[in-house]
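What follows draws every value from the coordinates through simple rules; no lab data is involved. Treat the numbers as computed from the prediction; the structure is a model and nothing was measured. Note that we place each Cβ from the backbone using ideal geometry, even for glycine, and neighbour counts take in every protein chain shown.
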Amino acid sequence: MTEHAATHYRIAVLDPAAHLFEVRCTVDTPAAGGQRFRLPRWVPGSYLIREFARHFVDVRAMTGASGAAVPIAKEDASTWRAAPCTGPLTVIARIYAFDLSVRTAYLDTTRGYFNGGAVFLCPDGREHAPCTLEIVPPDAAACVRWRCATTMTRADPATWRFHAADYDELIDHPVELSEFAACEFAAGGVPHQVAITGRHAVDTGRLQRDLARVCQWQIDLFGGTPPFPAYLFLVMAVGDGYGGLEHRSSTSLLCSRNSLPQAGMAEPTDDYVTFLGLASHEYFHAWNVKRIKPAAFVPYDLSRESYTRQLWAFEGITSYYDDLALVRSGVVGDVKFLELLGRGITTVLRTPGRLTQSIADASFDAWIKFYRQDENSPNALVSYYAKGALVALALDLQLRVDGRVTLDDVMRALWERHGATGVGVPEGGIEALASELAGRDLGDFFARYVHGTEDPPLASLLAAHGVTLELRAAAGAKDRGGKPAPAGAQAAPRTWLGAKVGGDLRLQHVYAGGPAERAGLAAGDALVALGGIRAAAEALDRLAERGAAGTRLAVHAFRRDELMAFDVEIAAAPLDTAFLTLAADAPPDVRARRAAWLGARPATA
């Protein structure tokens with residue numbers, strides 16, 4: 001392999017008000033035939049071609065100390081080639097940054113943020129060359145108190161200069177520039193920092209204690225030694241938002257400021273538990289997907305889709321452990337965890353597409369379906385996150401019933417054989433490993449619930465662990481499950497229109513086989529009248545609460561600008577809302593199995 005001098009990067013806040021970064025990439029010895037530069041088209045952890053190059057306003061090139069212009073032309077959506085020249089060659093791009101998500105870049109007078117893959121061009125042939133980065137502090141008056149948060153290795157503690165072993169490392173350390181609030185804690189013997197941007201009133205003591213317990217539990221699960229020298233939670237608090245993206249030693253989180261802990265909080269609120277689950281999910285990814293990877297991701301090819309049928313495991317198993325870590329670390333109790341699990345089961349049961357698409361196929365088609373959902377998506381696809389978590393739950397409970405190993409053992413073996421070694425997991429590798437450790441062929445389990453579309457037998461598996469799964473009808477549009485129906489909610493048989501209705505009375509989704517679909521209603525139809533009475537949210541609620549299955553209802557709705565009439569035979573509401581309870585009469589051996597599942601402490605190396 002040819003050794004190359006370091007590739008030099010420089011990013012500057014060009015104009016916060018216009019949301020413009022200026023990014024420079026300098027190559028000392030450009031390719032003789034003209035140096036090509038590529039920008040990633042997707043970011044690991046978010047499986048959609050996003051074309052980050054669309055945010056590049058313009059690109060120019062120059063060479064030598066004189067700054068003589070070098071012609072540079074775009075070859076395709078994300079590739080530029082400079083004309084042959086002697087070095088050093090510097091490519092300069094202005095980049096529009098105003099995406100508040102965790103995937104790209106953002107800049108205004110309050111903060112700057114970037115994911116390296118969205119802003120840093122990679123010179124062809126120098127993917128494995130070392131990189132240096134200089135972040136130029138902003139000189140705008142509103143930005144002079146900004147600080148820099150990242151886990152990239154600092155070349156100089158007194159300045160914003162960094163270095164990375166190669167391009168992959170460079171783009172796997174997001175950077176936050178702002179007047180963030182920070183707190184720290186230790187887990188696994190290494191420092192962890194939380195940097196919170198946005199207006200908030202956080203009880204940092206509570207946040208530190210809870211995150212420390214969750215992180216320590218996960219570190220212990222995988223053997224007691226973190227795979228990173230330090231870790232950083234980058235948190236952007238907004239009025240309403242949710243999202244996260246994992247990196248090798250950090251994560252970017254977007255959350256509602258109300259989901260952060262407040263002073264005087266006795267018990268974790270639902271919103272705070274949601275935030276902790278998000279943080280737990282992305283932290284677990286430091287092992288499961290950042291280091292234990294599908295073979296299709298070793299190495300990453302960020303210029304095109306990388307197909308795998310294993311996202312159900314890398315995202316679904318992570319989604320199972322994110323909340324499990326909360327109860328096992330003692331941050332939440334058993335009852336709260338069962339409530340969260342009930343909500344997860346409810347989400348899947350309300351997705352007819354789970355019986356059409358397998359989670360293996362959902363993994364493979366993530367590039368074209370999961371991130372591009374439309375009005376028919378609930379009928380046609382399943383979330384490899386949500387159902388993947390339930391399959392992981394079923395696998396763990398089945399292994400525990402068999403009594404030889406647990407899913408914890410499978411994860412530790414994956415770490416030892418693949419994560420610590422860097423060897424990608426082949427297709428079918430997780431299924432084979434689970435069978436090996438279980439001492440029996442689990443092929444039927446995976447054929448039915450991963451590669452097939454059957455629902456896993458959660459009721460019987462949970463019962464074997466002293467937990468009762470019950471199903472009921474939804475008690476209203478905002479009922480997410482996880483709890484018994486409110487008192488009086490089931491006083492009369494509930495009915496169902498078979499559609500999700502938005503606040504503007506438009507049908508957002510029409511569910512396959514339901515009354516609305518059978519009558520000819522379609523997504524996008526705007527309800528005007530029900531039974532000759534003007535449609536209103538209250539009328540829909542009354543229909544659900546007091547209507548009788550089999551009743552025929554005249555429905556008028558606008559489709560586009562045409563008024564249409566439909567004859568709908570309303571049906572009994574489906575029993576698609578789950579809640580779990582601890583079985584008080586469980587025998588001692590079942591109680592012991594339940595305690596081992598919910599309260600298990602991982603074995604340390």
For the stretch 111-202, what class follows from the C-alpha gyration tensor (a ≥ b ≥ c being the square roots of its eigenvalues): rounded when a/c is under 1.5, otherwise prolate if a/b is larger than b/c, else oblate?
-> oblate
Once both label points are put 7 Å beyond Cα along the C-beta direction, the Arg417-Asp15 separation in nm becomes 5.6
Suppose R0 equals 30 Å; then what is the FRET efficiency for Ala592 and Thr269 from their Cβ-Cβ distance, rounded to the nearest 0.05?
-> 0.40
Length gained, Thr132-Ala32, 0.36 nm per residue minus C-alpha separation, equals 33.7 nm
J(HN,Hα) series, the stretch 11-22, from Karplus relation 6.51 cos²θ - 1.76 cosθ + 1.60, nearest Hz, glycine and proline x = 10, 10, 6, 7, 7, x, 5, 8, 6, 10, 9, 10
Extension gain (nm, one decimal) between Val401 and His451, 0.36 nm per residue minus Cα-Cα = 15.7 nm
Show the residues, 5+ positions off or on another chain, whose built amide H is closer than 5 Å to the amide H of Leu232.
-> Gln193, Ser250, Thr251
Hey, what do the phi angles of the stretch 238-251 turn into as Karplus ³J(HN,Hα) couplings, whole Hz, using 6.51/-1.76/1.60 and θ = phi - 60°, x for Gly and Pro?
-> 10, x, 8, x, 7, x, x, 9, 8, 9, 5, 9, 6, 8
At the level of C-alpha centres, the distance separating the stretch 336-384 and the stretch 220-255, in angstrom, is 24
How big is the charge dipole of the chain about its Cα centre, in debye rounded to the nearest 20, if each Lys and Arg gets +1 on its Cβ and each Asp and Glu gets -1 on its Cβ?
-> 400
If a/c stays under 1.5 just call it rounded; otherwise compare a/b with b/c (prolate if a/b is bigger, oblate if not). Do that for the stretch 180-269, with a ≥ b ≥ c from the square roots of the Cα gyration tensor eigenvalues.
-> prolate
Tell me, what HN-Hα J-couplings in whole Hz come from the Karplus equation 6.51 cos²θ - 1.76 cosθ + 1.60 at θ = phi - 60° for each residue of the stretch 462-477, using x for Gly and Pro?
-> 5, 4, 5, 10, x, 10, 9, 9, 10, 10, 8, 7, 5, 8, x, 5
Given a Förster distance of 51 Å, the FRET efficiency implied by the Cβ-Cβ spacing of Arg542 and Ser66, rounded to the nearest 0.05, works out to 0.05
Restricting to lysine pairs 8 or more places apart or on different chains, what number in the chain have Cα atoms under 27 Å apart?
-> 15
Mean residue ellipticity at 222 nm from the helices of the chain, using -39,500 (n - 2.57) per DSSP H segment of n ≥ 4 over the full residue count, to the nearest 500 deg cm²/dmol?
-> -7500 deg cm²/dmol
For Asp504 and Asp139, what does the FRET efficiency come to when R0 = 35 Å and r is the distance between their Cβ atoms, rounded to the nearest 0.05?
-> 0.15
Would you pull out the residues with amide H under 5 Å of Gly243's amide H, same chain only if 5 or more places away, H placed 1.01 Å from N?
-> Leu254
Between the modelled labels at His163 and Asp58 (7 Å from Cα along Cα→Cβ) the distance in nm is 3.5
Would you please classify the overall shape of the stretch 495-572 from the alpha carbon gyration tensor, given that a ≥ b ≥ c denote the square roots of the eigenvalues, rounded means a/c under 1.5, and beyond that prolate means a/b larger than b/c while oblate covers the rest?
-> rounded
What full-extension length gain, to one decimal in nm, is calculated for Thr468 and Arg147 as 0.36 nm per residue of separation minus the Cα-Cα distance?
-> 110.5 nm
